[in-house]
Amino acid sequence: MGVHQVKLTINGKTVVEGVESRTLLSDFIRDGCGLTGTHVGCEHGVCGSCTVIVDGAAVRSCLMFAVQADGLEIETVEGLSQNGELGPLQKNFKECHGLQCGFCTPGILMSATDYLSKHPEPTTRELKEMLSGHLCRCTGYDGILKAIQKTVEENKETIS
Ligand code: FES
Ligand code: FES
């Protein structure tokens, strides 16, 4: 089993580490980098809780090996806060009761961040489709949808 050196960027910080060939990106983020905000549920690409943004695309980090991320830029939920304050989407999840146990939350936040960067004015149907890639056992999704829609409205006000 080989150990490979990888060099990648996580939340703007360069990380250089030796990783085994079989190490999943999700395990590397949590155990190698100590960024435990990325959650691991199913470990086979179904629940969406491990979602991070890799080179500008939302990716399930349990479906990638850490060596595949060599040279890439990764954003995790820890990167959403600004100067220790929750980011706008995070604040709205809190205000709109978009989370209960919070297990699914980091993955949904990362998918929604990626989605809104590419679709700034999504319809409700489009947001529901995006959320269909995430399992939440607690909220019934209403609060999550409201939180994202509130963020969309706030973003529009900022632009206008
Ligand atoms: S832990 Fe990766 S999709 Fe469930
Ligand atoms: S808030 Fe508990 S699984 Fe979504």
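For the range 45-83, filtered to residues that are out of contact with any Ser or Thr (no Cβ under 7 Å at 6 or more places or on another chain) and charged (D, E, K, R), the residue that is nearest to ligand 2 (Cβ to nearest atom) is 78. Please state which of the following conditions residue 140 fails to meet, knowing it meets all the rest: (1) small (Gly, Ala, Ser); (2) free of Cβ contacts under 8 Å to residues at least 60 places away in the same chain; (3) surrounded by 12 or more Cβ atoms within 10 Å (Cβ to Cβ). Tallying (1) small (Gly, Ala, Ser); (2) free of Cβ contacts under 8 Å to residues at least 60 places away in the same chain; (3) surrounded by 12 or more Cβ atoms within 10 Å (Cβ to Cβ), residue 140 fails exactly one: (3).
One residue alone among 100, 68 is open to solvent by 90 Å² or more (accessible area, probe 1.4 Å), among the polar types (S, T, N, Q) and within 29 Å of residue 22 (Cα to Cα), and that residue is 68. Quick check on residue 93: is it closer than 15 Å to residue 37 by Cβ, within 16 Å of ligand 2 (Cβ to nearest atom), touching a Gly at 6+ places or on another chain (Cβ under 9 Å) and open to solvent by 30 Å² or more (accessible area, probe 1.4 Å)? No: the conditions fail for residue 93.
Of the numbered criteria (1) in contact (Cβ under 8 Å) with a residue 60 or more places away in the chain; (2) away from ligand 1 (no atom under 13 Å from the Cβ); (3) outside the structural domain of residue 145 (by TED's automatic domain parsing), the one residue 113 fails is (3).
The values are calculated or read from the model by the stated rules, or taken from the named source; none is laboratory data. Note that the structure is a prediction, hence the values are computed from the model and not measured. Neighbour counts are summed over all protein chains in view; Cβ atoms, including those assigned to glycine, are modelled from backbone coordinates with ideal geometry. All accessible areas refer to the heavy atoms of the entire protein, side chains included, with ligands and DNA or RNA removed. Shrake-Rupley method; radii C 1.70, N 1.55, O 1.52, S 1.80 Å.
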